[in-house]
Amino acid sequence: MFSKEEAANLKKEFWTAFGKSFPRKWLLYDTKIKDFSFKFYADNKKAEVSLNIEMNYEVYRNAYFEKIQSLENLWLEEIPELIFDENFTLEKGKIISKIWVEKLDVSLFNKNSWRDIFEFFVENMQKMETLFFEYEDYIKDV
């Protein structure tokens, strides 16, 4: 078990190591769509690459999710393990739409799994970004 400070330092070291191992500019929040972003996530049990649609207005959130969902077969061809959830509830209770893929049984607190997490991040984020760029005009036309 780690103290809060040790855990925070290890998280910082993890993200710094990821950035140094794979130095490129990821799309993430720069989609040009407010509250529509790609994210990396890792904790003590899993790693995730996701597209989060977090608009407060359900109508807009649903419209963007439906656009992505209409391309679901294309997304699943690239990432068969992708999960689509129109009404995903965050820990704090906020409902978002989320499309994600996860890798279980890895931990950012175990340096031996960092390479696996990094490779998982890169492989899946590149695929998600490529699909977004390929259908960007269609997705943005809400």
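Values quoted throughout were computed directly from the atomic coordinates according to the rules given, and no laboratory measurement underlies them. Just so it is clear, the structure is predicted and the values come from calculations on it, not from any experiment. When we count neighbours, we look across all protein chains shown, and the Cβ atoms used for this are built from the backbone with ideal geometry, even at glycine.
Annotation note: trypsin sites (Lys or Arg not before Pro) in the range 62-133 located in DSSP loop regions with a Cβ neighbour count of at most 12 within 10 Å are Lys92, Lys94. Working from Cα pairs under 8 Å separated by at least six residues, relative contact order for the chain is 26 percent. Computed over the range 2-45, the quotient of the alpha carbon radius of gyration and 2.2 N^0.38 Å is 1.44. Under a 5 Å amide H cut-off, with hydrogens placed 1.01 Å from N, Asp35 pairs with nothing among residues at least 5 apart or on other chains.
Dividing the summed -39500 (n - 2.57) terms of all DSSP H runs of n ≥ 4 by the residue count of the chain sets its mean residue ellipticity at 222 nm at -14000 deg cm²/dmol.
Using 1/(1 + (r/R0)^6) with R0 = 30 angstrom and r between the beta carbons of Lys111 and Glu78, what's the FRET efficiency to the nearest 0.05? Could the numbers behind the result be given before it?
Working: r = 30 Å, r/R0 = 0.98.
Between Lys111 and Glu78 the formula returns 0.50.
Over 25 Å apart at the Cα level, from the set Lys4/Lys25; Lys98/Lys127; Lys4/Lys127, are Lys4/Lys25; Lys4/Lys127.
For every other residue with a beta carbon closer than 15 angstrom to the beta carbon of Lys45, add +1 if it is Lys or Arg and -1 if Asp or Glu, then tell me the sum. Neighbourhood net charge equals -3. Using only side-chain charges placed at the Cβ, +1 for Lys and Arg and -1 for Asp and Glu, the dipole size of the chain relative to its Cα centre rounds to 680 debye. Whole-Hz Karplus values for the range 99-116 come out as 10, 8, 10, 10, 10, 8, 6, 10, 8, 6, 8, 10, 4, 5, 9, 4, 4, 4 Hz, taken residue by residue from phi with 6.51 cos²θ - 1.76 cosθ + 1.60 and θ = phi - 60°; glycine and proline positions read x. Across the range 21-31, rounded Karplus estimates of 3J(HN,Hα) from the backbone phi angles (6.51 cos²θ - 1.76 cosθ + 1.60, θ = phi - 60°) give 6, 9, x, 8, 8, 8, 4, 6, 8, 8, 7 Hz, Gly and Pro being marked x.
For the range 4-140, the Kirkwood hydrodynamic radius from C-alpha pairs, put into Stokes-Einstein at 37 °C and a viscosity of 0.692 mPa s, yields a diffusion coefficient of 208 µm² per second. Here is the list for the range 72-126: GluC sites (Glu not before Pro) lying in DSSP coil, each with at most 11 other C-beta atoms within 10 angstrom of its C-beta, are Glu81, Glu91. What is the distance in Å between the Cα centroid of the range 102-138 and that of the range 1-40? Here the answer is 12 Å between Cα centres.
Rg over Rh for the range 45-97 works out to 0.99, using Cα positions for both radii and the Kirkwood form for Rh. Residues Arg61, Arg24 in ascending order of nearby Cβ atoms (within 10 Å, fewest first): Arg24, Arg61.
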